[in-house]
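Single-structure report; data block below.
Please treat every number below as a calculation from the coordinates, not as lab data. Remember, it's a predicted structure, so these values are computed and weren't measured experimentally. Because the Cβ atoms are built from the backbone with ideal geometry, glycine has one as well, and the counts that use them run over all protein chains shown.
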Amino acid sequence: MTELNSRRVHLDTVPNLRSLGGLPVAGGTVAPGMIFRSATLGALSDEDSATLVDLGIRRVADFRTAGERKSAPDVLPDHVEGVVFDVLGDQPNSIAASLAHIGMPGDRGSRELSPEAAAQAAAGITEVLGEGRGLALLQGSYRHFVQADSAHTAYHGFFSALTEDGEYAPTLFHCSAGKDRTGWAAAAFLLLLGADEDTIMEDYLLTNIDIMPMVEPMLAKAEANGIDPDMLRPVLTVQPEMLEAAYDEMRAQYSTVENYFVTGLGLDERRLEVLRDRFISA
């Protein structure tokens, strides 16, 4: 198995942060210090801000919807550029953009719900997510990442930014939890560079360790509101079936990852070569 732990950066206010550098790809490894992934930077502390600067990060790509950004705008270090690539712009109420509030009756306001209202809300959540429906919804979101116009536009913009002419700005990309929209961006990037699917899946599932500081309080509060945490856990974490749904959609629509980048995202062959040349270290 690939040793991944050395890529992880533990910050109190930015969960699920790690570099893609060092992962094996065709002809070498991903170059170190070039590209990072994380959860939201909406609560970034001064101390953690300094760490991001020390890592050399000079650009932050935000995949969240307008509503998510308004609720928790990124806090960025000085001289770090923030850019927005809204993957779910045509589906802002997707489950992938709403996970922070699933099972949290009362979270959207200061007033706690009555026991009766909480029970009603819990029943509604169970109706939506129970008996495997939550996992199926997330699989649908992953297929959306591959096929939807807003996702094509967002990922086109993101990968274009990574391949722009001139001096490259080391980039961190994220969504809210850093697991779904971010997970597909990382998987597609690594697949194009020639990483094998076992390596990609291992990095993808590492999120289930690093996201726990975000997930455990949500599960505890959900349980207190009468919601089975075992029903929520699959959608608040990542599952192999989610990434596999995106792979299946990509192959059904485009056959290969190269065709996905060229036909789906509208990137020309020159940019694909820049991606490989810039990010692969022999």
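So here's what we get for this one:
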{"quantity": "Lys, Arg +1 and Asp, Glu -1 on Cβ, resulting dipole of the stretch 197-282 about Cα centre, debye, nearest 20", "calculated": "340"}
{"quantity": "Whole-angstrom gap from the stretch 139-159 to the stretch 65-98, using each part's C-alpha centre", "calculated": "14"}
{"quantity": "Charge dipole (debye, nearest 20) of the stretch 138-260; +1 at Cβ of Lys and Arg, -1 at Cβ of Asp and Glu", "calculated": "380"}
{"quantity": "Peptides 251-260, 187-196 ordered by average Cβ neighbours within 10 Å, highest first", "calculated": "187-196, 251-260"}
{"quantity": "Degrees separating the helix 212-224 axis from the principal Cα axis of the chain, which is the longest one", "calculated": "20"}
{"quantity": "The chain, helix-only ellipticity at 222 nm - DSSP H runs n ≥ 4, -39,500 (n - 2.57), divided by all residues, nearest 500", "calculated": "-14500 deg cm²/dmol"}
{"quantity": "Percent RCO, i.e. relative contact order, over the stretch 187-256, from Cα pairs under 8 Å lying at least 6 residues apart", "calculated": "28"}
{"quantity": "Gained length - D268 relative to K70, 0.36 nm times residue gap less alpha-carbon distance", "calculated": "67.9 nm"}
{"quantity": "Net charge dipole size for the chain [Lys, Arg +1 and Asp, Glu -1 on Cβ; Debye, nearest 20]", "calculated": "260"}
{"quantity": "0 to 90° range, to nearest 10: angle between helix 197-210 axis and the chain longest Cα axis", "calculated": "40"}
{"quantity": "Acute angle (nearest 10 degrees) that the helix 149-162 long axis makes with the longest principal axis of the chain, alpha-carbon atoms", "calculated": "50"}
{"quantity": "For the chain: relative contact order, % (alpha-carbon pairs under 8 angstrom, 6 or more apart)", "calculated": "26"}
